[in-house]
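Below is one structure, written out as structure tokens; comments come after it.
The values are calculated or read from the model by the stated rules, or taken from the named source; none is laboratory data. Small disclaimer: the values here were computed from a predicted structure and weren't measured. Ideal geometry is used to build each Cβ from the backbone, glycine not excepted, and the neighbour counts take in all protein chains shown. For accessibility, only protein heavy atoms count, side chains too; no ligands or nucleic acids. Shrake-Rupley method; radii C 1.70, N 1.55, O 1.52, S 1.80 Å.
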Amino acid sequence: MPFSFSRRTVIQLAGAAFLLLNGGSVLADEALKLKFTLDWRFEGPAAPFLLAKSKGYFAAEGLDVTIDAGNGSAGAVTRVATGAYEMGFADFNALVEYDAKQPGSKIQAVYMVYNSTPAAVFSLKKSAINKPADLLGKTLAAPVFDAGRKAWPAFAKSNKLDPNAVKWQSVEPALRETLLARGDVDAITGFYFTSLLNLEARGVKPQDIAVMPFADNGVELYGNAIIVAPKFAAEQPKAVAGFLRAFNKALKETIASPDAAAMTVKERDALVDAALETRRLKLALAANVVTPEVKANGLGGVTPERLQRSIAETAEAYALPKVPSGSELFNPAFLPAKAERMVK
């Protein structure tokens, strides 16, 4: 009697072959479940994570990854700190703040996605705010938790300004750009790829917007990073490394073909504006991901000396009780090899 495989066996063998060819080592039904939280809604910058999932890169590493939207970086850090999520995406400076206020948390960043902070100051060109010194005596609007507002003292110090020489108006995120568009405030702080598009959506022409990115004005802060809970990193180091391999592969594909990658956001949330999120993704990649430092050293890593300076900037700007150690907050051990992280 000839030997034959059942349909179920054929499917299992095919799955195993796929995983092995892509660097995995376990069958899909044995995949390790991993909960991952974003810092915000499903928007363009989330594309690399969604691409890694939709293309099976996480599965190829033996991971069953659930990706959830977030409500801010502080919330993402808290989700990971409490163990509700094994890994997440958050502003590195929110991690610095959390560690300073909750010593011994041992949460670490393991892949620096945004090589520079996306924070920027926006004004209307008719206001003639052309340089940092022109902000003195002006009224700025932002939510109290806005990364740019919290880091304002670092921006002021880098440009030899008195940080108290501006007036702040606390607003809800949805009202920030509206107030500037109406001329009710002189300037706002916000993420470059968010506030720029929001101002345009409110009828402000691109040529009428003036932008001062923090990174172009002496501020060395890093931006968003992938973070991991200490328990998960200790118990599942191969899973952390596998997650980063999958993400790194997806990020490089996103950089090469952002239009295609952005469609994964539309697939996840049918209500998003695909064209808008594609543009948001391209802005984030150009301004904060593929920087000169990244081109020289590769995606995901940091420069230790700059990292410590950036942490000191955050600690001073946020009035933190201590300056955390860079080696404690960023762990490069899980990163893919440098050759795999290089981009042009």
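Which of the numbered conditions does ASP39 fail, given that it passes all the others? Conditions: (1) in contact with a helix residue (DSSP H, G or I) (Cβ under 6 Å, 6 or more places away or on another chain); (2) modelled with pLDDT of 50 or more; (3) assigned to a helix (DSSP H, G or I).
(3)
I'd like to check something: does segment 257-267 contain any residue that is assigned to a helix (DSSP H, G or I), of a type outside the set (A, V, I, L, M, F, W, C) and under 18 Å from the mean Cα position of the chain (by Cα)?
For segment 257-267, residues assigned to a helix (DSSP H, G or I), of a type outside the set (A, V, I, L, M, F, W, C) and under 18 Å from the mean Cα position of the chain (by Cα): present.
Which pairs turn up if I take residues in segment 143-172 that are acidic (Asp, Glu) and look for partners that are assigned to a strand (DSSP E or B) and modelled with pLDDT of 95 or more with beta carbon separation below 6 Å, at least 6 apart in sequence or on another chain?
Short answer, once both residue conditions are applied: ASP146/THR189.
List, please: which pairs have Cβ atoms under 7 Å, are six or more places apart or on different chains, and start with a residue in segment 189-205 that is free of Cβ contacts under 8 Å to residues at least 24 places away in the same chain and end with one that is among the small types (Gly, Ala, Ser)?
Here the result reads GLY203/ALA181, each pair linking segment 189-205 to a residue that is among the small types (Gly, Ala, Ser).
Which condition breaks for LYS53 when tested against (1) assigned to a helix (DSSP H, G or I); (2) crowded, with 24+ Cβ neighbours inside 10 Å?
Tallying (1) assigned to a helix (DSSP H, G or I); (2) crowded, with 24+ Cβ neighbours inside 10 Å, LYS53 fails exactly one: (2).
What are the residue pairs meeting all of these: first residue in segment 315-326, first residue in contact (Cβ under 8 Å) with a residue 24 or more places away in the chain, second residue assigned to a loop (DSSP other than H, G, I, E, B) and among the polar types (S, T, N, Q), Cβ atoms under 7 Å, and 6 or more apart or on different chains?
none
Can you tell me which residue among ALA69, ALA59, ALA14 is modelled with pLDDT of 95 or more, out of contact with any Asp or Glu (no Cβ under 7 Å at 6 or more places or on another chain) and farther than 30 Å from THR117 by Cβ?
Going through ALA69, ALA59, ALA14 in turn, just one is modelled with pLDDT of 95 or more, out of contact with any Asp or Glu (no Cβ under 7 Å at 6 or more places or on another chain) and farther than 30 Å from THR117 by Cβ: ALA59.
Look at ALA84 and say whether it is open to solvent by 40 Å² or more (accessible area, probe 1.4 Å), at pLDDT 95 or above and in a loop (DSSP other than H, G, I, E, B).
yes
Just checking, which of VAL171, VAL240, VAL219, VAL228 is at pLDDT 95 or above, buried (at least 19 other Cβ atoms within 10 Å of the Cβ), aliphatic (A, V, I, L, M) and over 25 Å from GLY298 (Cα atoms)?
Within the list VAL171, VAL240, VAL219, VAL228, the selection yields VAL171.
Across segment 258-317, what is the number of residues that are under 25 Å from ARG41 (Cβ atoms) and of a type outside the set (Val, Ile, Thr)?
Final tally of qualifying residues: 29.
Can you confirm whether LYS252 is under 19 Å from the mean Cα position of the chain (by Cα), part of a helix (DSSP H, G or I) and touching a residue at least 12 places away in the same chain (Cβ under 8 Å)?
Answer is yes for this residue.
Given the conditions (1) surrounded by fewer than 22 Cβ atoms within 10 Å (Cβ to Cβ); (2) over 30 Å from LEU34 (Cα atoms); (3) in contact with a Lys or Arg (Cβ under 9 Å, 6 or more places away or on another chain), report the number of the one that THR194 does not fulfil.
If we test THR194 against (1) surrounded by fewer than 22 Cβ atoms within 10 Å (Cβ to Cβ); (2) over 30 Å from LEU34 (Cα atoms); (3) in contact with a Lys or Arg (Cβ under 9 Å, 6 or more places away or on another chain), just (2) comes out false.
Does any residue in segment 127-141 that is without any contact (Cβ under 8 Å) to a residue 24 or more places away in the chain come within less than 8 Å, Cβ to Cβ, of a residue that is open to solvent by 30 Å² or more (accessible area, probe 1.4 Å) and part of a loop (DSSP other than H, G, I, E, B) six or more places away or on a different chain, and which pairs are these?
That search, which allows pairs on different chains as well, returns ASP134/ALA128.
Which of (1) open to solvent by less than 20 Å² (accessible area, probe 1.4 Å); (2) over 29 Å from ALA109 (Cβ atoms) does ASP208 not meet, given it meets every other one?
Exception for ASP208: condition (1).
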